[in-house]
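The values are calculated or read from the model by the stated rules, or taken from the named source; none is laboratory data. As the structure is a prediction and not an experimental result, all values here were calculated from the model. Cβ atoms come from the backbone with ideal geometry, glycine included; neighbour counts cover every protein chain shown. What goes into the accessible areas is simple: the full protein's heavy atoms, side chains included, and nothing from ligands, DNA or RNA. Shrake-Rupley method; radii C 1.70, N 1.55, O 1.52, S 1.80 Å.
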Amino acid sequence: MFADLHLHTNFSDGTYTPEELAAHAQRHGLCAIALTDHDTVEGCLRMALACGQAEMEFVPGAELTAELAGQELHLIGYYMDSANAKLLAELAKFQTVRQNRIREMVARLNKLNIPLEAAAVFAIANCRSPGRPHVGRALVQAGFCSNLDEAFDRFLKRNRPAWVPKSKISAVDAIALIHQAGGVAVMAHPGLNHNDDLIPPLVAGGLDGLECFHTKHSPTATERYLDFAHKHGLLVTGGSDCHGMNKGQPLIGSVKLPYHYVEALKSKANEVAQANNSIALALPPMPNPLHSAER
Ligand SMILES: [Zn+2]
Ligand SMILES: [Zn+2]
């Protein structure tokens with residue numbers, strides 16, 4: 001029994017719909033999959049339904065773009081309450097930042113005499129969490145670049161002329177946000193950061209797990225992170241980080257996480273939810289009935 005706990009759909013920068021993703025997962029014989037779209041939980045409802053139809057277990061999630069010591073890193077929140085008011089308010093902020101970033105990238109392209117319109121990018125993205133691949137696809141569609149790689153190499157990569165830095169939530173705040181929403185906080189693809197010194201401060205900040213298995217981790221990196229997770233009592237997760245057809249080949253099926261790791265993740269989520277409930281019970285009743293209905 002195998003799972004893939006890192007997947008994207010067209011609710012962020014993946015190309016598959018939740019239904020297409022479920023079909024691919026089923027073809028690869030997976031018994032459980034997570035949806036971890038960037039800065040959104042919007043696709044989770046449809047993904048849950050699609051998994052239900054395919055008789056697969058669904059693990060809700062979202063991948064948050066965070067920062068520590070000036071470095072971007074990604075944190076996945078699993079099993080968060082998708083109706084949590086604070087989570088939804090913060091995600092809405094992240095999405096606004098993403099949309100403004102698209103407008104700024106387009107403005108930079110316009111200055112380079114590339115008359116792309118932000119509306120064309122938003123039409124392709126058709127979601128609240130647009131990203132650079134959508135700008136790239138718009139450039140290709142309008143004939144300014146012949147493919148996505150060219151769009152990134154010429155304009156969109158870090159320090160290329162249309163690249164705009166992202167503003168991000170602090171990693172420790174992101175972990176707290178995930179926990180207050182009843183979720184489990186996992187650092188995604190630590191190997192892509194090339195800086196393992198980032199991990200201990202995250203652990204001190206309450207990190208619950210490490211994505212040890214990832215498409216871009218070498219076997220040695222995987223071993224190193226498994227070892228670290230073991231020593232620090234962290235959960236182990238893994239996934240393909242499949243974005244459909246957006247980033248080269250569809251990666252689903254390339255990482256198969258043994259199911260017992262999903263069970264450990266689930267019991268941790270139950271612990272977090274129980275701890276939150278006991279905090280809520282210990283608090284004096286709120287004077288405003290709207291507030292007490294919020295959680
Ligand atoms: Zn990531
Ligand atoms: Zn990802």
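Structure data summary
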{"item": "Selection from the range 219-246 of residues that are touching a residue at least 60 places away in the same chain (Cβ under 8 Å) and either surrounded by fewer than 19 Cβ atoms within 10 Å (Cβ to Cβ) or of a type in the set (S, T, N, Q) (or both)", "result": "Thr237, Ser240, Met245, Asn246"}
{"item": "Residue in the range 168-189 that is more than 19 Å from the chain's Cα centre (by Cα) and assigned to a helix (DSSP H, G or I) present", "result": "no"}
{"item": "Subset of the range 247-263 [in contact (Cβ under 8 Å) with a residue 12 or more places away in the chain, more than 13 Å from ligand 2 (Cβ to nearest atom) and within 20 Å of the chain's Cα centre (by Cα)]", "result": "Pro250, Gly253, Ser254, Lys256, Leu257, Tyr261, Val262"}
{"item": "Residue selected from the range 38-69 under the condition open to solvent by less than 50 Å² (accessible area, probe 1.4 Å) and in a loop (DSSP other than H, G, I, E, B), by the criterion farthest from ligand 1 (Cβ to nearest atom)", "result": "Ala54"}
{"item": "Some residue of the range 141-151 being within 24 Å of the chain's Cα centre (by Cα) and surrounded by fewer than 17 Cβ atoms within 10 Å (Cβ to Cβ)", "result": "yes"}
{"item": "Residue satisfying condition, being in a strand (DSSP E or B) and either within 16 Å of ligand 2 (Cβ to nearest atom) or surrounded by fewer than 22 Cβ atoms within 10 Å (Cβ to Cβ) (or both), within set Ala107, Ala83, Ala23, Ala34", "result": "Ala34"}
{"item": "Residue list for the range 12-37, restricted to those being within 16 Å of ligand 1 (Cβ to nearest atom) and at pLDDT 95 or above", "result": "Ala34, Leu35, Thr36, Asp37"}
{"item": "Some residue of the range 201-217 being in contact with a helix residue (DSSP H, G or I) (Cβ under 7 Å, 6 or more places away or on another chain), at positive phi and crowded, with 20+ Cβ neighbours inside 10 Å", "result": "no"}
{"item": "Answer from Asp197, Asp208, Asp173, Asp153 - the residue that is under 13 Å from Ala66 (Cα atoms), at pLDDT 95 or above and more than 16 Å from ligand 2 (Cβ to nearest atom)", "result": "Asp173"}
{"item": "Enumeration of residues in the range 179-194 that are open to solvent by 40 Å² or more (accessible area, probe 1.4 Å) and either among the β-branched types (Val, Ile, Thr) or within 16 Å of ligand 2 (Cβ to nearest atom) (or both)", "result": "Leu192"}
